[in-house]
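To keep things clear, I will list the structure first and then write my remarks on it.
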Amino acid sequence: MGNKQQKSDQINQSQSNQKQNTQQIQDQESNMNFNQLKQQLIKEQQKFSMLGVSLVIARNNQGKFLAVKENYDQGWWIPGGLVDPPEDFVTAAIRETQEEAGIDIEIKGILRIEQNFNKSARYKVVFYGEPKDQNQKPKQIPDSESQEARWVTLKELEELGKKPPYLRGQELLVFGQYIEKGGPIYPLSIIETTLVDKFDFKKQVDINQKSNMQIEYQLNQQNNQIQKVQQNETKYVPLNVKLVNAPTNRMIGLSLIVIRNQEGKFLAVKETNNRGWWLPGGKVDPPEDFISAAIRESKEEAGIDINVKGVLRIEQDFTGAFLRYKVVFYAEPIDQKQKPKDFADNESEEARWVTLNELRALGKNPPYLRGNELIEYGQYLEKGGPFYPLDIINQLK
C-alpha cells in the first residue's frame, strides 16, 4: 500500500507541476506586449523570400492558345517566369514569351493577380496577350528555355496532356475556357509601375507640395483616362512604364486602402514620427494575403472595421533595397457609426473622416500630407472612376 500511495502521490505531484508550468506559459503569453508579438512575426517573415512572376495566356486570331513544352520533362504549360529587375511585370511577360515560345506579343490586359506562400512568397500576374505578327511561327528548336512551343486548341491541349510529359498545370485550360466564355480581361491601367533608384523623402515632400495647377493638371489627365476606359468596352489601356536599374528581385507586399463612408467622406490617418496625413496601409505580413493585410491595417491605424469592395490600382516600385508590390483597395466601413481612432500608439497618431477639401486644409499646416494619394483617388472615385472586382486577386493556398 505504501508503494502504491507513494506512486499515486508522485503522479499527482507531476500533474500539479505540469498544470503550474502550463499556467506559467499562459501567463507569460498573456503578458507579452504588442511589440514582442510583432518581433515574433518579423522572425517568421524572414523565412520567406518574395518573388515576382509573370505568366501569359496568349491567343491568336484563329482562337488557338500558345503552349510551351517545358524542359526537364515538366510538361506543357504557359509562357512565364520570374521578373528580373529592372524589368517590370509587363516587360517580363513579353520577354518570357519570346524566350520560351519565340513569339512577340502585345499584352492586352490582366486576367488575374495571384499570391501564394510555401517556401517563398510569390506574387504572380497572369496576363492576356496576342501575337504582334499572326504569321510568326512558334519556336521549334530546344534550348535552355524550353523544348518547343505550339498554337493549340483547348481540345488539342487536352490530348497533349494524356501522354508524357503531360501537362505541367491546368492554367491554360482554365483560363482558355474562361476567355472563350467571355470572361473579362482587366485593363493594364490597373498596374502602375515606377522603378526608381531610391526613395528620397525630402524630394517626395517637395513633390507632395507641388502647385495646385500641377495637381489639377494631373487630375484632369486622370479624368480623361477614366472617360477613355468607360468609352472603350474592351478596356484596353496602354501602360506607361519608367525603368531604372534595380539590382535584386527581393520584394515586399503592401496593402493601401481608400475608405469612403456613406456621407462621401474619406478616412485619413495621421502617421507617427511627424510623417503627415495619409491613407491607411502597410506591409503584408506573410503568410497573410493582401486583403487580410488591408483589413488589419485599417483596424490598427484607423480603428475602423472595413468591407473591402474592390481593387483600384496595383503599383510596383523600387526603393533601393527591394521591389515593393502595392495593391490599392477600395473599401467601406462595416459599421457606419464606428468612430475612428482618437488616441496615439505605435501605429498612428489618430484618424478622421474628412472631405477632400478638409484633407487639403489639413495639408496646409504641419505635419502636412505624407502624399497626395488620398486626394487623387478621392477625386477619381468622385468622378466615377471604376474599381475592379476582388476576383482579380486569387489567394492560392
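Some points to look at:
- Where a residue in the stretch 276-288 is over 18 Å from Ile304 (Cβ atoms) and assigned by TED's automatic domain parsing to the domain that holds Phe266 and its partner, wherever it lies, is in a loop (DSSP other than H, G, I, E, B) and among the aromatic types (Phe, Trp, Tyr), with Cβ under 7 Å and at least six apart: Gly276/Tyr368; Pro286/Phe48
- Count of the stretch 294-328 residues, restricted to those that are under 11 Å from the mean Cα position of the chain (by Cα) and either surrounded by fewer than 16 Cβ atoms within 10 Å (Cβ to Cβ) or modelled with pLDDT of 95 or more (or both), is 1.
- Condition broken by Gly385, with the remaining ones in (1) in contact (Cβ under 8 Å) with a residue 40 or more places away in the chain; (2) farther than 21 Å from Gln262 by Cα satisfied: (2)
- Of the set (1) surrounded by fewer than 18 Cβ atoms within 10 Å (Cβ to Cβ); (2) assigned to a loop (DSSP other than H, G, I, E, B), all apply to Pro138 but (1).
- Filter result (at pLDDT 90 or above and part of a helix (DSSP H, G or I)) within the stretch 168-204: Glu171, Leu172, Leu173, Val174, Phe175, Gly176, Gln177, Tyr178, Ile179, Glu180
- Assessment of the stretch 159-167 against the conditions (assigned to a helix (DSSP H, G or I), in contact with a strand residue (DSSP E or B) (Cβ under 6 Å, 6 or more places away or on another chain), assigned by TED's automatic domain parsing to the domain that holds Asn60 and more than 18 Å from Lys108 (Cα to Cα)) yields at least one matching residue.
- Asn372 being modelled with pLDDT of 95 or more, over 14 Å from the mean Cα position of the chain (by Cα) and over 20 Å from Val125 (Cα atoms): no
- Remark: Phe343 matches the filter, which requires a residue to be surrounded by fewer than 19 Cβ atoms within 10 Å (Cβ to Cβ), among the aromatic types (Phe, Trp, Tyr) and either modelled with pLDDT of 95 or more or more than 20 Å from Ile110 (Cβ to Cβ) (or both).
- Meets criteria (more than 23 Å from the chain's Cα centre (by Cα), under 16 Å from Ile179 (Cα atoms) and polar (S, T, N, Q)) for Asn61: yes
- On inspection, Lys326 passes the criterion of being outside any loop (DSSP other than H, G, I, E, B) and within 17 Å of Gly282 (Cβ to Cβ).
- Close contacts from the stretch 130-154, counting a first residue that is hydrophobic (A, V, I, L, M, F, W, C) and a second that is in a loop (DSSP other than H, G, I, E, B), with Cβ to Cβ under 6 Å and a gap of 6+ residues or different chains, come to Ala149/Pro138; Ala149/Lys139; Trp151/Asn60; Trp151/Lys64; Val152/Lys64.
The values are calculated or read from the model by the stated rules, or taken from the named source; none is laboratory data. These numbers come from a predicted model, not from an experiment. Every residue, glycine as well, gets a Cβ built from its backbone with ideal geometry; the counts of neighbours run over all protein chains shown.
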